[in-house]
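Student: Can you keep this structure in mind? I'll have questions shortly.
The values are calculated or read from the model by the stated rules, or taken from the named source; none is laboratory data. Since this is a predicted model, take the numbers as computed values, not measurements. Here the Cβ positions follow ideal geometry from the backbone for every residue, glycine too, while neighbour counts run over all protein chains shown. For accessibility, only protein heavy atoms count, side chains too; no ligands or nucleic acids. Shrake-Rupley method; radii C 1.70, N 1.55, O 1.52, S 1.80 Å.
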Amino acid sequence: MLKCWSFSVAKQVTTFAASAMKFKSTKPRPVAPLGSRILTTTDDIFKHNMWDHVEWTDEDKEDARQKAQENSHVQIPAAEKGKFDADACQYWDKFYEIHQNKFFKDRSWLFLEFPELLHPSLKEDHDKNMHYQHEVIQTQSGCTEDTETRHYQHNDPTKDSWKMNNLNFQGEQGPKEVPFYPGHDASFRILEVGCGVGNSVFPILNNIRNTDFFLYCCDFSSRAIQIVKEHQDYDHSICHAFVHDICEEGSSFPFPPQSLDVILAVFVLSSIHPERLQGAVNRLSLYLKPGGMFLFRDYGRYDFSQLRFKKGRCLSENFYTRGDGTCVYYFTEEEVGDLFSKAGLEQIQNLEDRRLQVNRKKKVAMRRVWMQSKFRKPNPEDSSNYCCS
């Protein structure tokens, strides 16, 4: 199946280089996000493992559409589809039991793309790094990494839950009591949903030590959470890892509504059945403070991994199951925008990240497509001030 989306090297070089030259001549190169390594000459295609901001021609888009249509034409029988939803927890527990924490790399790109996760004391260094990166771009240099990953949460009910005990957190007079819950005294709280074995957790923890930040992380796989807690860098004084299913309507979190500053979802929502996505995002958004941010990165429509699926692995339109039983959905920019806007969030960033991933040994180039987005919970005071102005 690789060959269907990895045409001859000569044609790849010509096509990608032409697109890169068009990009160079018609658009300024962004400093950030989404990298800064731009392919501008046919001689360079196999010098690096990844090229950023790759444009597709109309022919490329139509070719991808046809391949996705072809591999989704034969779907999994209706009688078998339900097990991939009902038994999702078992599939992911088995995945982590086999691979432990060896399958995915820690996300070193996280703070470059999502500086909202940084403590204010670290943002000055981040800004200096961004200035340096801008200078690097001018010399057509830079760096990027393959960020593809897959993990998910879905059906196992939460075992660690915080009980409201009839406290009124949203009354007109403010909270009647100050409840005790993990991280209650922190000034800034982050939740990562679908944390897997901690590939984002531990880079974040290493950045928030000796600060007044607190990190929550959850996954519906009890095996994944066990691996996180057994890690040598896990610190319960600044992190609370717990089992939770974000699709379970009745499950509760170990913190009250409107208590989070940031929610992070990286390659997680794609693993949820499309019909359950809106409910999950709606519920999560309730826990953001006014002004809080929802940070999202996931698979985009016609990514190489979608086009390489064999016939008979499709569950529904653009939704597939892998050989190990785990599932994946491929988003469009419009779908992402609708998903979060219907949850009452306002769009700050919603980008399609198109890259060229290169296997230099095999001389194969693969088109990767990811979505990267940021949405903010509106502040009611801002809205009222605007209306009165």
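Student: Could you grab me the full set of residues in the range 48-67 that are in contact with a strand residue (DSSP E or B) (Cβ under 9 Å, 6 or more places away or on another chain) and either without any contact (Cβ under 8 Å) to a residue 60 or more places away in the chain or in a helix (DSSP H, G or I) (or both)?
Tutor: Asp60, Ala64
Student: Would you mind listing the strands (runs of 3 or more DSSP E) fully within the range 218-328 where at least 2 residues are among the β-branched types (Val, Ile, Thr)?
Tutor: Output list reads 260-266.
Student: Within the range 203-228, count every residue that is surrounded by fewer than 21 Cβ atoms within 10 Å (Cβ to Cβ) and either over 22 Å from Ser271 (Cβ atoms) or touching a His at 6+ places or on another chain (Cβ under 7 Å) (or both).
Tutor: 7
Quick grid of which residues meet (1) within 20 Å of the chain's Cα centre (by Cα); (2) without any contact (Cβ under 8 Å) to a residue 40 or more places away in the chain; (3) open to solvent by 70 Å² or more (accessible area, probe 1.4 Å):
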site	(1), (2), (3)
Tyr299	yes, no, no
Leu339	yes, no, no
Lys362	no, yes, yes
Lys374	yes, no, no
Glu381	no, no, yes
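Student: Right, something else. Where the second residue is outside any loop (DSSP other than H, G, I, E, B) and of a type in the set (Asp, Glu) and the first is on the phi < 0 side of the Ramachandran plot and lies in the range 226-240, which pairs have Cβ atoms under 9 Å and are six or more apart or on separate chains?
Tutor: Val228/Asp219
Student: Kindly indicate whether any position in the range 190-197 is closer than 23 Å to Pro256 by Cα and open to solvent by 10 Å² or more (accessible area, probe 1.4 Å).
Tutor: no
Student: Any idea how many residues of the range 352-371 are out of contact with any Gly (no Cβ under 9 Å at 6 or more places or on another chain) and either under 26 Å from Asn71 (Cα atoms) or modelled with pLDDT of 95 or more (or both)?
Tutor: Matching residues across the range 352-371 total 10.
Student: Separate question: Residues being within 24 Å of Gln372 (Cα to Cα), open to solvent by less than 40 Å² (accessible area, probe 1.4 Å) and over 23 Å from the mean Cα position of the chain (by Cα): count how many of those fall in the range 41-66.
Tutor: Total satisfying the criteria: 1.
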